[in-house]
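Notes follow the structure.
The values are calculated or read from the model by the stated rules, or taken from the named source; none is laboratory data. Everything numeric in this text was worked out from a predicted model, so none of it was measured. Neighbour counts are summed over all protein chains in view; Cβ atoms, including those assigned to glycine, are modelled from backbone coordinates with ideal geometry.
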């Protein structure tokens with residue numbers, strides 16, 4: 001939110017807007033759907049900051065208005081929400097929760113020249129496209145992979161690791177990062193690596209195959 005406000009300050013200085021016209025900052029997130037709790041926390045956090053700014057007189061006398069877009073935690077809806085945000089005339093966007101969801105909106109915001117700050121997207125690829133307007137506040141999957149490798153080897157003394165992911169951009173990237181990090185650890189072996197289908201309810205086949213490997217810990 002701080003980066004979005006700094007960007008908005010620049011817009012307030014240069015834009016030929018009426019003195020009291022609000023500075024509109026978008027917040028894209030899963031307001032409904034399976035990740036609605038995360039969306040609610042994002043809305044509450046951003047609105048608190050906006051209220052504090054407005055209580056102090058806004059930005060150069062202009063109030064901050066948060067424009068909320070519900071992407072429902074779905075890839076297709078994410079792109080549609082991004083298009084609506086651009087049409088709404090926001091000066092910056094805070095988005096979204098989930099790497100796949102963020103990725104679906106990323107190019108839309110980039111092409112529109114809108115500052116796009118992701119608050120819950122960790123896939124390494126998101127910052128490897130050379131986009132000028134994309135930033136994020138969470139660390140990348142490769143750092144999380146390093147943390148996991150350090151935990152299971154140095155602190156838990158485990159050697160036989162199973163890694164399972166659901167083939168989403170986030171989960172696949174995190175699984176690959178963990179496997180790379182573990183590859184550099186002496187005496188450690190990834191004995192099982194597989195993907196499941198997101199939304200599936202029957203994992204008997206995966207579990208049965210995993211049991212034959214004498215896995216000591218599962219990273220999912």
> Restricting attention to the stretch 78-104, which residues are within 8 Å of residue 28 (Cα to Cα), assigned to a strand (DSSP E or B) and modelled with pLDDT of 95 or more?
Replying inline: 93, 94
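Select from the stretch 180-202 the residues that are out of contact with any strand residue (DSSP E or B) (no Cβ under 9 Å at 6 or more places or on another chain) and either surrounded by 12 or more Cβ atoms within 10 Å (Cβ to Cβ) or not assigned by TED's automatic domain parsing to the domain that holds residue 163 (or both) and write down the one among them that is farthest from residue 155 (Cα to Cα).
Step one: filter the stretch 180-202 for residues out of contact with any strand residue (DSSP E or B) (no Cβ under 9 Å at 6 or more places or on another chain), giving 180-181, 184-187, 197-202.
Filter again for either surrounded by 12 or more Cβ atoms within 10 Å (Cβ to Cβ) or not assigned by TED's automatic domain parsing to the domain that holds residue 163 (or both), leaving 180-181, 185.
Working: 180: 19, 181: 15, 185: 13 Å.
Looking at residues that are out of contact with any strand residue (DSSP E or B) (no Cβ under 9 Å at 6 or more places or on another chain) and either surrounded by 12 or more Cβ atoms within 10 Å (Cβ to Cβ) or not assigned by TED's automatic domain parsing to the domain that holds residue 163 (or both), I get 180.
Taking only the stretch 153-176 into account, find how many residues are assigned to a helix (DSSP H, G or I), crowded, with 17+ Cβ neighbours inside 10 Å and modelled with pLDDT under 90. Please lay out each step first, then the result.
Step one: filter the stretch 153-176 for residues assigned to a helix (DSSP H, G or I), giving 153-155, 169-176.
Checking the rest, the ones that are also crowded, with 17+ Cβ neighbours inside 10 Å come to 153, 169-176.
Pick out the ones that are also modelled with pLDDT under 90 and you get 153, 169-174.
Residues that pass the stated criteria total 7.
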> For the stretch 38-60, how many residues are farther than 17 Å from residue 91 by Cα and out of contact with any strand residue (DSSP E or B) (no Cβ under 8 Å at 6 or more places or on another chain)?
Replying inline: 10
> Any residue in the stretch 54-61 that is closer than 19 Å to residue 138 by Cβ, in the same structural domain as residue 129 (by TED's automatic domain parsing), in contact with a helix residue (DSSP H, G or I) (Cβ under 7 Å, 6 or more places away or on another chain) and not in a helix (DSSP H, G or I)?
Replying inline: no
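Could you identify the single residue in 208, 125 that is under 28 Å from residue 34 (Cβ atoms), assigned to a helix (DSSP H, G or I) and in the same structural domain as residue 112 (by TED's automatic domain parsing)?
On the way: 208 fails: in the same structural domain as residue 112 (by TED's automatic domain parsing).
Step by step, each of 208, 125 is checked, and only 125 is under 28 Å from residue 34 (Cβ atoms), assigned to a helix (DSSP H, G or I) and in the same structural domain as residue 112 (by TED's automatic domain parsing).
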